[in-house]
Amino acid sequence: MSDLVPLFKPNSVALIGASSNSTKYGYWTAKSLVENKFQGDIYFVSRSGGEIFGLPTYPDILAVPGEVDLAIIAIAPKFILPVMEQCVEKGVKCAIVVSTGFGEVGPEGKELERQMLEIARRGNMRVQGPNCMGTYSAAKSMNASIIDLAPGPMSLVLQSGNFGIDINFNAKARNLGYSCWATIGNQMDVRFHDFVEYIETDDATKVLLLYMEGLRVESEEDGRKFIAAAQRTVAKVPIAAIKIGRSAAGARAAASHTGSLAGSEKVFDAALRQAGIIRVDSPGQLLDAAEAFSKCKPAKGRRIAILTDGGGHGVMATDFAEQFGLEAPVLSDATQARLREILLPHCPIKNPVDLAGTPEADMWVFDRCLKVLLQDPDVDGIVIVGLYGGYADLSEEFRALEMDVARSMTERIAASDKPVVMHSIYAPQRPECLEYISGHGVPVFGGVDAAVRTMGVLARYAGLKEALREEAAGECPDMPADRKEKARAIIAAVRAAGRTNLVETEARGILRCYGLDISEDYLATSADEAAACYRKIGGRVVMKIVSPDILHKTDAGGVALNIDSEAKAREAYGQLVKNGLRYKSDAVIFGVMLTAMLPGGVECIIGSSHDNTFGPTVMFGLGGIFVEILKDVAFRVAPVNMPSCRSMIREIKGLGMLQGARGSKPCDLEALAEAACIVSYLVDELREVAEVDLNPVFAWEKGLAIADARIILHG
């Protein structure tokens, strides 16, 4: 059972800092608890004495006669520690600290939070906040906030009180309310993952909404707990989130491409997707998603039919369908034949289905066409766009007719297993028929883009759930049983030498420990050894400077290609060492590495960086100029199995390069996914590793080759 049950379903609540002064927070909260008729015992704690809203007050929580499940604390920070001690002594299970002036104001406030948490943990008391606006629970008719909240199908967890007011104002206009509502403030103790875990058990929640500025993390495990909790919850309850800070996040400066490309925002976005969470961009879109998930049937796929009473809106909806990840395919011959029996010859019926003026003569064409589309097995959902709701302006007869048709359509939709959303230009005027439709399971939007986008959200959720199922059932490639032991021996030797940068021979050794297919390499420490190494390899070879002080070998003139004789190997050795010392005069040079020249292929990059919130990640993208300039890469939080790695590869914009552009042969995508999968396990198991860069990785028609490898340890 979640330890947040006393927070959302308490049998008793004590308000510490209750007040009869109508200008005080303690008054507003007391008023809210009483007026919402909390289904439990209310205790007011106030040093002023007397009664508040007809209830007695107590000088401190220890004087309260009964047990207290939840304490709401609204007092100045300077009084907080002894009050926390009293709550623990009383056996309070949860506390909400609404007061401000803690970690958000500086180091002294952070220290106060640390002491508060230490006290709370001694008594196993969970703490929400501080610096928050409280909690709401429809199950107990408990409004422990100062916002006027109402019951309904959605739950909302947020970091901003102002945003809570904003979204609630607009939710009321849509007749939407909450099962659970919570502002988490500074996340001193209770954090997003705790709320997500609780919502999994709340049968009244049809959709969970999150407003996120970031996750408070004491370690990367906090971020990983959030992903794990969301993955469990979205199997039952969809989650939509706003995460602010897209533009402010910059790439973290690092020695590798992967590190510089990671940027916390890019990783956070990938983590939300990996968790099964739908990310939206605005409060309006968040409520659009909430309305659809609370009203519509689940989507089973991305194929939609568009029903319109005007060509322009239909074409617009078709354009938006592609933009929002939906398909508007040509309807089957059988469906078109049935539609042709209903509509006049001039009406387009391929998709969109355009009523083209016929409703003025026969309003029931909406209902009859809808019936046909709902019965089409190749249609996963329906978007109705246009002027419905405005025909009432023509006459009283049309007003009554629109209502009759609306009733029939909503009955038909309720009996089907497909989602339907509607757009009407008359939605802002809220005519009777549209209010009826909206109240009976069909979201109605004033914009075509909003309607189609929201259908896309329903389809995206279905896809995310399926991806999570595939990932859970997926496996990683076979890796050597002794991989960690052997790899850590290499790392230990590097640490013993006082280094964090592995030279390439060491990096290649770790990759071999994990079973990655990488060509044999030889280290020469003299020109004679270089010639001897060449004899072992033969053909054409690559020679590279090996130095922990020279990470970017090409910049230092530390790479020689197409060496095809012993004499050239001798000459190249001397030149590479000379170039390395010219680049960095005090560089420690271990020697020169020789490997066989590899045939070219499509250049890719596989890498990893450490994210402060989620820990080790894995990245895939196209190499060369694509990674340098276009930054066409995809991330996952490591480790991930093969289904996620396949998906990561399909995400990049340059996928066509790997699938065989301009007549070239397609690359071995499965081999790329396998290599990325192994790297994801490598960095998860070897937490000493901070960054990995395999760039370039040559993708071939069959297999791949890792041409360059770089690994950096945490300092």
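Within region 131-162, the set of residues being in contact with a Lys or Arg (Cβ under 9 Å, 6 or more places away or on another chain), of a type in the set (A, V, I, L, M), closer than 16 Å to residue 40 by Cβ and buried (at least 24 other Cβ atoms within 10 Å of the Cβ) comprises 142 only.
Give the residues of region 517-533 that are open to solvent by 20 Å² or more (accessible area, probe 1.4 Å) and more than 50 Å from the chain's Cα centre (by Cα), sorted by residue number.
526, 527, 528, 529, 532
Take residue 116 and tell me if it is surrounded by 24 or more Cβ atoms within 10 Å (Cβ to Cβ), in contact with a helix residue (DSSP H, G or I) (Cβ under 6 Å, 6 or more places away or on another chain) and outside any helix (DSSP H, G or I). The answer is no for residue 116.
With out of contact with any helix residue (DSSP H, G or I) (no Cβ under 6 Å at 6 or more places or on another chain), open to solvent by 70 Å² or more (accessible area, probe 1.4 Å) and of a type in the set (S, T, N, Q) as the only criterion, which of 429, 336 stands out? It would help to see each step written out before you state the result.
Numbers: 336 fails: open to solvent by 70 Å² or more (accessible area, probe 1.4 Å).
Going through 429, 336 in turn, the sole match is 429.
Going through 314, 301 one at a time, which residue ends up being surrounded by fewer than 21 Cβ atoms within 10 Å (Cβ to Cβ), at pLDDT 95 or above and of a type outside the set (Phe, Trp, Tyr)? On inspection, the qualifying residue turns out to be 301. Taken over region 504-531, the criterion of being more than 18 Å from residue 704 (Cβ to Cβ), outside any strand (DSSP E or B) and in contact (Cβ under 8 Å) with a residue 24 or more places away in the chain is satisfied by 505, 506, 513, 525, 526, 527, 528, 529, 530, 531.
Sort out which residues of region 147-196 are among the basic types (Lys, Arg) and not in a loop (DSSP other than H, G, I, E, B), and write them in order of number.
172
Where residues in region 54-70 are under 44 Å from the mean Cα position of the chain (by Cα) and open to solvent by 50 Å² or more (accessible area, probe 1.4 Å), which of them is farthest from residue 151 (Cα to Cα)? Here the answer is 62. For residue 478, the criteria (1) part of a helix (DSSP H, G or I); (2) open to solvent by 60 Å² or more (accessible area, probe 1.4 Å); (3) of a type in the set (D, E, K, R); (4) out of contact with any helix residue (DSSP H, G or I) (no Cβ under 9 Å at 6 or more places or on another chain) hold in every case but one, which is (1). Annotation for region 628-637: at least one member residue is closer than 28 Å to residue 612 by Cβ, part of a loop (DSSP other than H, G, I, E, B) and open to solvent by less than 20 Å² (accessible area, probe 1.4 Å).
If you filter region 169-187 down to residues that are of a type outside the set (A, V, I, L, M, F, W, C) and over 14 Å from residue 208 (Cα atoms), you find that the one that is most open to solvent (accessible area, probe 1.4 Å) is 175.
Residues in region 79-111 that are farther than 25 Å from residue 63 by Cβ and buried (at least 20 other Cβ atoms within 10 Å of the Cβ): 2 in all. The residues in region 200-226 that are open to solvent by less than 30 Å² (accessible area, probe 1.4 Å) and either in contact with a helix residue (DSSP H, G or I) (Cβ under 6 Å, 6 or more places away or on another chain) or assigned to a loop (DSSP other than H, G, I, E, B) (or both) can be counted, and the count is 9. Of all the criteria given as (1) at negative phi; (2) touching a residue at least 60 places away in the same chain (Cβ under 8 Å); (3) open to solvent by 70 Å² or more (accessible area, probe 1.4 Å); (4) in a loop (DSSP other than H, G, I, E, B), the one not satisfied by residue 28 is (4). With open to solvent by less than 30 Å² (accessible area, probe 1.4 Å), touching a His at 6+ places or on another chain (Cβ under 8 Å) and either outside any helix (DSSP H, G or I) or of a type in the set (A, V, I, L, M) (or both) as the only criterion, which of 671, 690, 676 stands out? Answer to the check: 690. Please determine whether any residue of region 572-594 is outside any helix (DSSP H, G or I) and within 19 Å of residue 705 (Cα to Cα). Yes: one or more hits.
The values are calculated or read from the model by the stated rules, or taken from the named source; none is laboratory data. Small disclaimer: the values here were computed from a predicted structure and weren't measured. Cβ atoms come from the backbone with ideal geometry, glycine included; neighbour counts cover every protein chain shown. For the accessible areas, the whole protein counts, side chains as well, though only heavy atoms, and no ligand, DNA or RNA atoms are used. Shrake-Rupley method; radii C 1.70, N 1.55, O 1.52, S 1.80 Å.
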